[in-house]
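What follows is a set of notes on a single structure, which appears directly below.
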Amino acid sequence: MTGQVSFIEFGGRDAMTARSFYGKLFGWSFESGPGGDGYAIEGVGVPAGVHGGDEGASPYVFFQVDDLEAAAADVERLGGTVEVMPGGDDEESVARFGEFRLCRDDQGSPFGLHRPPQH
């Protein structure tokens, strides 16, 4: 289904520090991501992750799409912007989490597109 919230990503300066903060605050548990620099979060109610190297980031909400490239083209056609997330297209990550594009709408507000893993 298209348009459902399908993934939430938390960014921070340091992934371990963010893991400690959110783990203590909400009781979440974490599993190392494929690249070793991020973590999958258990207990959020929707697939979620945390990564470092993104100081001051707000949580990113990703909306499910069936055709990632077509949806990205629509964002740009409507005046928004799209970027590939660093490291987000490696085979292991795509198989485990799906594909992502970080976007900004025509007013600059961030959101994401997510095509879940194809199992």
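Could you go through segment 67-77 and let me know if any residue there is closer than 13 Å to R115 by Cβ and among the charged types (D, E, K, R).
yes
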| said: Given (1) part of a strand (DSSP E or B); (2) touching a Leu at 6+ places or on another chain (Cβ under 7 Å); (3) under 21 Å from Q118 (Cβ atoms), identify the lone condition not met by E83. | reply: (3)
| request: For segment 23-46, enumerate the residues that are farther than 23 Å from R115 by Cβ and either within 14 Å of the chain's Cα centre (by Cα) or modelled with pLDDT of 90 or more (or both). | output: G23, K24, G27, W28, S29, F30
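In contact with a helix residue (DSSP H, G or I) (Cβ under 8 Å, 6 or more places away or on another chain) and either at positive phi or of a type in the set (D, E) (or both), is that true of G33?
No, not satisfied.
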| Are there any pairs with C-beta distances below 9 angstrom linking a residue in segment 44-59 that is over 17 Å from F111 (Cα atoms) to a residue that is of a type in the set (S, T, N, Q), with the two at least 6 apart or on different chains, and if so which? | G52/T17
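To keep it simple, each residue is scored yes or no on (1) out of contact with any strand residue (DSSP E or B) (no Cβ under 7 Å at 6 or more places or on another chain); (2) aromatic (F, W, Y).
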site	(1), (2)
Q4	no, no
F7	no, yes
F30	no, yes
P34	yes, no
G43	no, no
P47	no, no
Y60	no, yes
| remark: Among residues of segment 1-51 being in a strand (DSSP E or B) and among the small types (G, A, S), the residue nearest to Q64 (Cα to Cα) is S6
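The values are calculated or read from the model by the stated rules, or taken from the named source; none is laboratory data. These numbers were taken from a predicted model, which means no experiment stands behind them. Cβ sites come from the backbone with ideal geometry, for glycine too, and all protein chains shown count toward neighbours.
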